[in-house]
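Asker: Can you read through this structure? Questions will come right after.
The values are calculated or read from the model by the stated rules, or taken from the named source; none is laboratory data. Because the structure is predicted, anything quoted here is derived from the model rather than measured. Reconstructed Cβ throughout: ideal geometry from the backbone, glycine too, with neighbour counts over all protein chains shown.
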Amino acid sequence: MSASILIVGLPWSQDELALAVRAARALGGRPVVADTERALGAIRPPEGCTWLPVEELSVPAVVAACGDSRPDHVVSITELTTVLAAQVREALGLPGTPAETEAAVTDKFRTRSLLRAAGLTAVDCRETSLRDLPGVLASADLPVVVKPVAFTGSHGVRHIAAPSDLAALMDSYDPDAAAESGRDRLIVESVIPGDEISAEAVCVNGEVHLLGLTDKFNTGVPHYYEVGHVMPSRYTARWHDRVRAYLQDVVSVLKIRTSALHAELKLHDGRVELVELHTRFGGGSIVHLLAEAYGIRAYDVWFAALLRGEVPDVPRAAGTAGVAFFGGWAGAPFRWHSYDFPHAGAVMELTLDARARPKVRQHEGIRLGYWRTGRAVFHAAGADGYARVAENVAFVRDQFLSLDPAVRPHGSPTHHEGTHR
Ligand SMILES: Nc1ncnc2c1ncn2[C@@H]1O[C@H](COP(=O)(O)OP(=O)(O)OP(=O)(O)O)[C@@H](O)[C@H]1O
Ligand SMILES: [Mg+2]
C-alpha cells in the first residue's frame, strides 16, 4: 500500500502545489490536500491528488475529516499552516518537527530569542506593538529595522534611520485592522551588516543538507522589497561550509526534524547571521531556480527524505540561473521603461501581464507597498554566466527603483543601499 501524504493548507501558488503533488506521486505516494470547501472549490485538484474538505482549518476538523484513514505523513508547504500541520501530526501520533518548534519558526521574535540564548545571533531584538512603537523607538539606538513578527514580501518592514521615519512606517499599517488580526506585533531589530543570501536546504532527521545558495536583489533601504535572485550565489565556494555549519546549529537548537528549509542570511566579517527562517522552500521562483541551476526537483528531495529517509545528492550547478520581477509601487498602474536586457541571450522566459492590477491593497492591516505582475527567468553558462545573469537582474531592479518616485509608498527613501549596487 502506498504512503499517503496529507498536505495541510493550500499554498498561495498553484505552481508550488502542482510541483509538490507531482513529487509525491513520483515517489509512489498518495497526495491529499486538506483545506476548507470554499478554498478547495476555487481551484481544480492537480492530477492524482485528492481533496479533503474540512469544516475549518483546525486540528479537530482535520483529524475528523481523516476518519479511519490515518495519513502516513502530514506536511504544510506554506508557512500559514506549518503549525497546524505539526499539531495534526501530534494528534495522530506521527513523527516530525514539534508544533512548538513550528510556532517559534513562524514568529521572528521567538526565533531570535531562542537563537540568542544559544549564542547564534548577535542581533538586538525587542518585541513591541504598533501602539507602543513610538516609545520603544524613542529609546532605541537608531538605525533599526522594524517589521511584523510574522508576514512576508517585506510588506510592513522598514529601515528607520531617524525619528521622523516613524510616520512613514505607520502609513504602512491600518492599526485597527492590524490589531484585530494580531498583525500589530512588531520587532525592532539592530541593522544586520553584510551582503544577503538565502539558503535552500532539506533537513533529514535533524541533519542539514544544503541544496543551493542564492544572491538576493532588493530595493535596499528603507523598504527592502525583493526584486530578484541569482543562483548559485557568488559566495557559494567560500561560504558553503560555514553556512551549512551555522544552519546545522540553528536546526539543532530549534529541534527541526525532517523538513524543507529556507533561510535568509547575511554574511559579514566571516560570520553568518540569520535574517529569517522558514520550514518550507523559498517563494519568488526559488524552486524554479533550483531546477534551472542544479536540475534539483526540490519537492522530490523533500518528500524522498520524508518517505524514505533519503539524503539528497547535490549535483554541480550547470550554469547560473536568475529571476527578476516586473511590478510597481502599489497604487500606480504598471509602467515599464525598457525590455532591452543587457544580455538578451540569457533571457529564458518572460511572463507579464501589463494590464493586471493588484488584487488586494492590504492584508490583515498591513498595506502592501508594491506588487508584481510578471517575471523574467535567466540562465547563462560559462565563466561570465554569473555576471550576465546578475546584470539582467540588476537591470530590472534599477528600473524598479526609477519608477515614478511621486507614487512611491510612504515617503522617498533617504538613500539607496541595495545588496548589489
Ligand atoms: N535586522 C535587519 N537588518 C538588516 N536588514 C534587514 C533586517 N531585517 C530585515 N532586513 C531586510 O528586510 C528584508 C525583509 O525582511 P524579512 O525577510 O524579515 O521579512 P519578509 O517580509 O519575510 O520578507 P520576504 O518575504 O521578502 O523574505 C530582508 O530580506 C532584509 O533584506
Ligand atoms: Mg524574508
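Asker: From the set of residues in segment 349-378 that are of a type in the set (Ser, Thr, Tyr) and crowded, with 17+ Cβ neighbours inside 10 Å, which is modelled with the highest pLDDT?
Answerer: Ranking the qualifying residues of segment 349-378, first place goes to 373.
Asker: Right, next: Residue by residue through segment 32-79, note down the ones that are over 12 Å from residue 4 (Cβ atoms), hydroxyl-bearing (Ser, Thr, Tyr) and in a loop (DSSP other than H, G, I, E, B).
Answerer: Matches in segment 32-79: 58, 76, 78.
Asker: Okay, moving on. Pairs under 6 Å by beta carbon, first residue surrounded by fewer than 18 Cβ atoms within 10 Å (Cβ to Cβ) in segment 269-286, partner in a strand (DSSP E or B), six or more apart or different chains?
Answerer: 276/264
Asker: When segment 285-297 is examined, which residues are found to be out of contact with any strand residue (DSSP E or B) (no Cβ under 7 Å at 6 or more places or on another chain) and among the small types (Gly, Ala, Ser)?
Answerer: Within segment 285-297, 291, 295 meet the criteria.
Asker: I'd like the residue in segment 123-155 that is touching a Leu at 6+ places or on another chain (Cβ under 8 Å) and small (Gly, Ala, Ser) and, out of all such residues, is nearest to ligand 2 (Cβ to nearest atom).
Answerer: Here the answer is 153.
Asker: Just checking, which of 182, 194 is of a type outside the set (Val, Ile, Thr), more than 16 Å from ligand 2 (Cβ to nearest atom) and on the phi > 0 side of the Ramachandran plot? Walk me through how you get there before you give the answer.
Answerer: Numbers: 194 fails: more than 16 Å from ligand 2 (Cβ to nearest atom).
One residue alone meets the criteria, 182.
Asker: Another question, then. Please work out which one of (1) touching an Asp or Glu at 6+ places or on another chain (Cβ under 6 Å); (2) of a type in the set (A, V, I, L, M, F, W, C); (3) surrounded by fewer than 17 Cβ atoms within 10 Å (Cβ to Cβ) is the condition residue 10 fails and give its number.
Answerer: With (1) touching an Asp or Glu at 6+ places or on another chain (Cβ under 6 Å); (2) of a type in the set (A, V, I, L, M, F, W, C); (3) surrounded by fewer than 17 Cβ atoms within 10 Å (Cβ to Cβ) applied to residue 10, the lone miss is (3).
Asker: Can you pull out the residues in segment 27-42 that are within 25 Å of the chain's Cα centre (by Cα) and either more than 17 Å from residue 77 (Cα to Cα) or buried (at least 19 other Cβ atoms within 10 Å of the Cβ) (or both)?
Answerer: As a first pass, look at segment 27-42 and keep what is within 25 Å of the chain's Cα centre (by Cα): 31-36, 39-40, 42.
Within segment 27-42, 31, 32, 33, 34, 35, 42 qualify.
Asker: If you go through segment 194-209, how many residues are within 13 Å of ligand 1 (Cβ to nearest atom) and either without any contact (Cβ under 8 Å) to a residue 60 or more places away in the chain or not in a strand (DSSP E or B) (or both)?
Answerer: 1
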